[in-house]
1. How high is the relative contact order of segment 48-126, in percent, with contacts defined as C-alpha pairs under 8 Å that are six or more residues apart?
2. How high is the relative contact order of segment 275-371? Use alpha-carbon pairs under 8 Å, at least six apart in sequence, and give a whole percent.
3. How high is the FRET efficiency between Asn247 and Ala193 when r is their beta carbon distance and R₀ equals 60 Å, given to the nearest 0.05?
4. At 1.4 Å probe size, put Lys61, Lys441 in order of accessible surface, largest to smallest.
5. Leaving out ligands, DNA and RNA but keeping every protein chain, what accessible area does Lys487 have, in Å² rounded to the nearest 10, with a 1.4 Å probe?
6. Using only protein heavy atoms and a 1.4 Å probe, report how much of Asp52 is accessible, in Å² to the nearest 10.
7. If you rank Glu109, Glu380 by how much accessible surface each has, with a 1.4 Å probe, what is the order from largest down?
8. With a 1.4 Å probe and all protein chains kept in place, how much accessible area does Phe157 have, in Å² rounded to the nearest 10?
Amino acid sequence: MKNHFIYAGLALTLLACNSQKSKKEEKVVVFETITAVPMPSTLVSGQKFPTDSTTINNWVKNSFVVDNLETNKDIITHGWDIWDALTTYTKQENNGQKLRRFETWYTPEDIKTALNSQTSNNAYKLEDLDRSHTGYLEIPHQNLHGIEVKSSDVVGFVKCDPSSANHIYNNQLYYFEVLKSMIKPGEITNIPAFPASSVLIKPVFYPLTKVDSLGPDKYSLPSWPGYNNQVPMDSVIANGFGSSSWNNNITITTTGVTDASKKVFSINDFIHFKLNKEQAANIINVIDNGQAEAGDYAVLVGMHVNTRENRRWTWQTFWWSENPTAPQSPSSSLIASHQPISLNNAAKHYAMALAYNMISPAQPYTGGSNALTKNEPIKESIYAFNPYLEAGFNAATFDDTASPSNPNNSGANDSIRKYYSEGYQKVGAVRLSEKVYTGGKLNRVGIETNCMSCHGQAKLYDVPAIKDAFQYYATDQYFDLNAPYFKNTLVLDFAWSIQGNLIYRDSISK
């Protein structure tokens, strides 16, 4: 089975529903230009958005982990609130299809196009941009760094809610020169913090192309079976646990009805859209079979979601599940039991994992530890990975050493390593790539990850003339926000998508 995942990029604001009434069918208005719809001020549970950081931090203090998974009701409810907001239909339509809230948001390409227009018109606003479709699907930046086994048919786009998009645009955070000017030698510097209302998302789609056809209007899709040691850990360390190892395919029918007993599911059990001519043309030679065509369905199989409601953001990830009421780890029946009844049919078919802290008990912003101590004799990892995003990561993904087999081995990255090796020696810092045991356990692969631990490593290095600076990913572990290895860098507020979309002022893409 080939992997046809469409990674729909990082930054997006989550939109919630105020009431059951907002879920009722509304007349669709066809817009020439897509208008970004912001998050609602009140979520479906009645909680305000953005929720006060003190409230969220109190939830985190009362977080309790069972089998490495979150059990706190408030955290779980908040995660579903956000999902409800994101997946709510708006009054807009594009390419003959109703748009959900997250589909109306900006891509980085939208923001870069607006920045280009701003160079000749200082009064140009992001809202002035004429957007005729939801975004181009491209190979995700994530898949160009640190993945031992790449898939040539992984494509997608980044999405930013209006709040985060305007923050990036107004502060010109995609310009390499602007970020480079913020770095202060010998210090830890940070970009201007995103506003509390910011939401970033990374959706993952699977295009239903002819290579997966099982006959008229039927397609095969790998479905997450959970990891229950059916593949030896040595194999996962070497190869990851990606969809080619799952041996659990379901059938999607675009014209028939669901028969779960036969592992057949209607297209209406998925959040989905049809590729338009431009989107299909953009990926025609990217996926293995080269057969993406206008009208092909793209089904949502996963989505990372993070909100800037507190200093370390909130993190929740969603993926399609055969049995959403009893999903496999890293979700649980407990997490599923808090789904709001307001979710529409397709949105109910997704499982959720959460990571509002790196490890349990929750560690402070600075001065915490992964080690077992007298005061904290029990520490546990919190796993919150997405099967369609991280499960395929092997141990080499998290190794920042240069080797012929490591995709990070490039001249620019070698320069950065050399530049910083002296710094590490001077300050005696511990690299995240060194063995870090969380509560006595070493996390090594993608199924042992946590969104917060990894995204916290997003930073720009002070290395002359290097724009696309080396990045590496981390398995689940605690890190100090003032760790010495952040010196001489610009910390990007947990937003890998900024580094992945850097441009020079005279080189605006698309």
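1. Here the relative contact order equals 13 percent.
2. Over segment 275-371, the number comes to 20 percent.
3. Efficiency, from the Cβ-Cβ distance: 0.85.
4. Lys61, Lys441
5. About 80 Å², rounded to the nearest 10.
6. Counting only protein heavy atoms, the figure is 90 Å².
7. I get Glu380, Glu109, largest accessible area first.
8. Roll a 1.4 Å probe over it and Phe157 shows about 20 Å².
The values are calculated or read from the model by the stated rules, or taken from the named source; none is laboratory data. All figures in this text were calculated on a predicted structure; none of them were measured in a lab. Glycine also receives a Cβ, built like all others from the backbone with ideal geometry; neighbour counts cover every protein chain displayed. Each accessible area value is taken on the protein alone, full model and side chains, heavy atoms only, with ligands, DNA and RNA left out. Shrake-Rupley method; radii C 1.70, N 1.55, O 1.52, S 1.80 Å.
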